[in-house]
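Colleague: One structure coming up, written as structure tokens, with questions to follow.
The values are calculated or read from the model by the stated rules, or taken from the named source; none is laboratory data. Everything numeric here is computed off the predicted structure, so don't read it as measured data. All Cβ positions, even for glycine, are placed from backbone atoms using ideal geometry, and neighbour counts span all protein chains on display.
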Amino acid sequence: MNRRFIRIAYNEQRITSLLFQQQLIETVYGVIRLYTDLVALSEDVKVKQETVRLAEKLFDDTKAQVEEGTLAPVEMTRAKAQVSASRQDLINATGLLEEQEAILKTVLTRRGNEDPEVAAARVIPTDSLNVPEKDEARPIQEALAVAVANRPDLGQAHIQVENSQIGLEGSRNLLRPEVDLVGVAQNSGLAGVLNPLAPSQNPPYAGGYGDVLNQLFTRKFPTYGIGVQVTVPLRNRVAEADVARDELQLRQSEVRVRQLQNQVRLEVEDALIARASYEAAVQTRLLQQESLEAEQAKYEVGASTSFFVIQYESLLSQARSSEVAAKSAYVKARAALQRATGNILSENNVSLDAAYKGRL
């Protein structure tokens, strides 16, 4: 009963440590997402460059056939329009890449683009969006168990439940009768100047300050007492209100734990969905590429027009961009899974002690 606030304060200290760990996890996760977006935009720029190359090749082939008289001049106009549109898409993609690069430099540096050296520097991704051929299958219950053991926010929630239980236990104690064993042990001392009007005598308390100390330390006049004090609360409405409040806080803390566990389950399932989306995007890109190759073969023998080739080139470009976006979503979902299970720091070689000391 008397130590509950000490126990709660100790738990609050643990919560503070877990809160720092949670902030570090969120920071690492945010940087991973920003860098993944940068890599995805860089690969999308390459897709747009390939689209421009195909459009320019189609324009050159169309121009040669128009000069030979095998195609109408309108076909060259269509091919030229496709080149212009492809270059515009490349310019837009490059602009998005430069914008993401500026955002990442702002996050990674102290002064951001305010520093001339940082503003002039370029961030060139050295990684690519790699998707393994097969994911390691892990049951959701196992991932949930790992998250319960590693995630700092779940740790905070469990400690908060413990604090609520301690507070509720203390509030309920105020509704119960209280029995106190009381013991008293004391020594007394008395001394002073004799009254001259009193009869001549020499009582033991005659004397000065030294006599008082002598009486105290030699325990000449001790007093001992022992007793039992019983307090019975009768309709302690303040204590009843405190119990009701602490019960609600305990329920809220338990609901918070359940919400976090459900969030872990959703993040694990999202990672699986991202994998399926990527595989569908890859299949779509392969089919669009085969369709373009077939249409180019028909165009070379005069069985098709530049209009249909341009159409299939646009579809292939969209499919390639969709594949890059699906790759990016998968990589970010995998990072979200690491964050959900609390393994993101160890997976990326980030030391909690080094971060605490500011040595990252």
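Colleague: Suppose the filter is under 37 Å from the mean Cα position of the chain (by Cα) and assigned by TED's automatic domain parsing to the domain that holds ALA72; does LEU287 pass it?
Modeller: On the way: under 37 Å from the mean Cα position of the chain (by Cα): no; assigned by TED's automatic domain parsing to the domain that holds ALA72: yes.
Against the criterion (under 37 Å from the mean Cα position of the chain (by Cα) and assigned by TED's automatic domain parsing to the domain that holds ALA72), LEU287 does not qualify.
Colleague: For SER86, state whether it is buried (at least 16 other Cβ atoms within 10 Å of the Cβ), within 30 Å of GLU313 (Cα to Cα) and hydroxyl-bearing (Ser, Thr, Tyr). Even if it seems obvious, please write down each step before you answer.
Modeller: Details: buried (at least 16 other Cβ atoms within 10 Å of the Cβ): yes; within 30 Å of GLU313 (Cα to Cα): yes; hydroxyl-bearing (Ser, Thr, Tyr): yes.
So SER86 fits the description; yes.
Colleague: Same structure, new question: Among the residues of the stretch 234-255, how many are modelled with pLDDT under 85 and surrounded by 12 or more Cβ atoms within 10 Å (Cβ to Cβ)?
Modeller: 2
Colleague: Out of all the residues in the stretch 2-21, is one or more part of a helix (DSSP H, G or I), among the acidic types (Asp, Glu), under 36 Å from the mean Cα position of the chain (by Cα) and under 29 Å from THR109 (Cα atoms)?
Modeller: Our first condition is that a residue be part of a helix (DSSP H, G or I); within the stretch 2-21, this holds for 4-21.
From what is left, the residues that are among the acidic types (Asp, Glu) are 12.
In the following step, the residues that additionally are under 36 Å from the mean Cα position of the chain (by Cα) were identified as 12.
From what is left, the residues that are under 29 Å from THR109 (Cα atoms) are none.
No, because not a single residue in the stretch 2-21 is part of a helix (DSSP H, G or I), among the acidic types (Asp, Glu), under 36 Å from the mean Cα position of the chain (by Cα) and under 29 Å from THR109 (Cα atoms).
Colleague: To continue, here is another question. Can you find a residue that is in contact with a Ser or Thr (Cβ under 6 Å, 6 or more places away or on another chain), at positive phi and without any contact (Cβ under 8 Å) to a residue 12 or more places away in the chain anywhere in the stretch 68-84?
Modeller: Within the stretch 68-84, none of the residues are in contact with a Ser or Thr (Cβ under 6 Å, 6 or more places away or on another chain), at positive phi and without any contact (Cβ under 8 Å) to a residue 12 or more places away in the chain.
Colleague: Here is a check on your reading of the model: is GLU50 assigned to a helix (DSSP H, G or I), crowded, with 19+ Cβ neighbours inside 10 Å and within 50 Å of the chain's Cα centre (by Cα)? Walk me through it before giving the result.
Modeller: Numbers: assigned to a helix (DSSP H, G or I): yes; crowded, with 19+ Cβ neighbours inside 10 Å: no; within 50 Å of the chain's Cα centre (by Cα): yes.
Judged against the criteria, GLU50 is not a match.
Colleague: Next question. How many residues, within the stretch 150-185, are surrounded by 11 or more Cβ atoms within 10 Å (Cβ to Cβ) and not in a helix (DSSP H, G or I)?
Modeller: First, pick out the residues of the stretch 150-185 that are surrounded by 11 or more Cβ atoms within 10 Å (Cβ to Cβ): 150-176, 178.
Filter again for not in a helix (DSSP H, G or I), leaving 151, 174-176, 178.
Counting residues in the stretch 150-185 that are surrounded by 11 or more Cβ atoms within 10 Å (Cβ to Cβ) and not in a helix (DSSP H, G or I) gives 5.
Colleague: Still on this structure: For the stretch 68-91, name all the residues that are over 43 Å from the mean Cα position of the chain (by Cα) and within 15 Å of GLN311 (Cα to Cα).
Modeller: We begin by selecting, within the stretch 68-91, every residue over 43 Å from the mean Cα position of the chain (by Cα); these are 68-84.
GLU75, MET76, THR77, ARG78, ALA79, LYS80, ALA81, GLN82, VAL83, SER84, listed by residue number.
Colleague: Moving on to the next point. Name every residue in the stretch 262-294 that is among the small types (Gly, Ala, Ser) and out of contact with any Asp or Glu (no Cβ under 6 Å at 6 or more places or on another chain), in order of residue number.
Modeller: Residues of the stretch 262-294 among the small types (Gly, Ala, Ser): 271, 274, 276-277, 280-281, 291, 294.
Of everything in the stretch 262-294, those that are among the small types (Gly, Ala, Ser) and out of contact with any Asp or Glu (no Cβ under 6 Å at 6 or more places or on another chain) turn out to be ALA271, ALA274, ALA276, SER277, ALA280, SER291, ALA294.
Colleague: From the list ALA119, ALA157, pick out the single residue that is without any contact (Cβ under 8 Å) to a residue 60 or more places away in the chain and hydrophobic (A, V, I, L, M, F, W, C). Spell out the reasoning first.
Modeller: Details: ALA157 fails: without any contact (Cβ under 8 Å) to a residue 60 or more places away in the chain.
None of the others qualify; the one that does is ALA119.
Colleague: On to the next question. Can you tell me which residue within the stretch 53-67, out of those that are among the aliphatic types (A, V, I, L, M) and surrounded by 16 or more Cβ atoms within 10 Å (Cβ to Cβ), is farthest from the chain's Cα centre (by Cα)? Lay out the reasoning, then the answer.
Modeller: Residues of the stretch 53-67 among the aliphatic types (A, V, I, L, M): 54-55, 58, 64, 66.
From the residues that got through so far, the ones that are surrounded by 16 or more Cβ atoms within 10 Å (Cβ to Cβ) too are 54-55, 58, 66.
Details: LEU54: 43, ALA55: 44, LEU58: 48, VAL66: 60 Å.
Among those that are among the aliphatic types (A, V, I, L, M) and surrounded by 16 or more Cβ atoms within 10 Å (Cβ to Cβ), it is VAL66.
Colleague: Before we move on, is VAL324 under 18 Å from the mean Cα position of the chain (by Cα) and in contact (Cβ under 8 Å) with a residue 24 or more places away in the chain? Break it down stepwise before answering.
Modeller: Details: under 18 Å from the mean Cα position of the chain (by Cα): no; in contact (Cβ under 8 Å) with a residue 24 or more places away in the chain: yes.
Answer is no for this residue.
Colleague: I would also like to ask the following. Regarding ARG219, is this residue within 34 Å of the chain's Cα centre (by Cα) and of a type in the set (Lys, Arg)?
Modeller: Details: within 34 Å of the chain's Cα centre (by Cα): no; of a type in the set (Lys, Arg): yes.
No; evaluated as a whole, the condition is false for this residue.
Colleague: What residue, of VAL161, VAL193, is closer than 17 Å to ARG4 by Cα and aliphatic (A, V, I, L, M)? Before the answer, list the steps.
Modeller: Working: VAL193 fails: closer than 17 Å to ARG4 by Cα.
Going through VAL161, VAL193 in turn, just one is closer than 17 Å to ARG4 by Cα and aliphatic (A, V, I, L, M): VAL161.
Colleague: Cβ-Cβ below 9 Å, separation at least six or inter-chain, first residue in the stretch 340-355 and within 22 Å of ARG265 (Cβ to Cβ) and free of Cβ contacts under 8 Å to residues at least 40 places away in the same chain, second surrounded by 13 or more Cβ atoms within 10 Å (Cβ to Cβ) and not polar (S, T, N, Q): which pairs?
Modeller: Short answer, once both residue conditions are applied: GLU347/ALA335.
Colleague: Then there's this: Does VAL39 satisfy the criteria of being more than 44 Å from the chain's Cα centre (by Cα), surrounded by 15 or more Cβ atoms within 10 Å (Cβ to Cβ) and of a type in the set (A, V, I, L, M, F, W, C)?
Modeller: So VAL39 does not fit the description; no.
Colleague: Give the residue, chosen from ARG122, ARG138, that is part of a loop (DSSP other than H, G, I, E, B), out of contact with any strand residue (DSSP E or B) (no Cβ under 6 Å at 6 or more places or on another chain) and at pLDDT below 85.
Modeller: Numbers: ARG122 fails: at pLDDT below 85.
Of ARG122, ARG138, the one residue that is part of a loop (DSSP other than H, G, I, E, B), out of contact with any strand residue (DSSP E or B) (no Cβ under 6 Å at 6 or more places or on another chain) and at pLDDT below 85 is ARG138.
Colleague: Right, another one. May I ask you to verify whether ALA198 is loosely packed, with under 10 Cβ neighbours inside 10 Å and either over 30 Å from ARG4 (Cβ atoms) or at pLDDT 85 or above (or both)?
Modeller: On the way: loosely packed, with under 10 Cβ neighbours inside 10 Å: yes; either over 30 Å from ARG4 (Cβ atoms) or at pLDDT 85 or above (or both): yes.
Criteria met by ALA198.
Colleague: So for the stretch 241-257 (the condition being closer than 30 Å to ASN130 by Cβ, among the aliphatic types (A, V, I, L, M), in contact with a Lys or Arg (Cβ under 9 Å, 6 or more places away or on another chain) and assigned to a helix (DSSP H, G or I)), does at least one residue qualify?
Modeller: Of the stretch 241-257, the ones closer than 30 Å to ASN130 by Cβ are none.
For the stretch 241-257, residues closer than 30 Å to ASN130 by Cβ, among the aliphatic types (A, V, I, L, M), in contact with a Lys or Arg (Cβ under 9 Å, 6 or more places away or on another chain) and assigned to a helix (DSSP H, G or I): absent.
Colleague: Sticking with this one: Could you give every pair whose Cβ atoms fall below 8 Å, whose first residue belongs to the stretch 2-28 and is surrounded by 14 or more Cβ atoms within 10 Å (Cβ to Cβ), and whose second residue is of a type in the set (Asp, Glu), counting only separations of at least 6 or pairs across chains?
Modeller: Between residues of the stretch 2-28 that are surrounded by 14 or more Cβ atoms within 10 Å (Cβ to Cβ) and residues that are of a type in the set (Asp, Glu), the close pairs are ARG4/GLU169; ASN11/GLU162; LEU18/ASP153; GLN22/ASP153.
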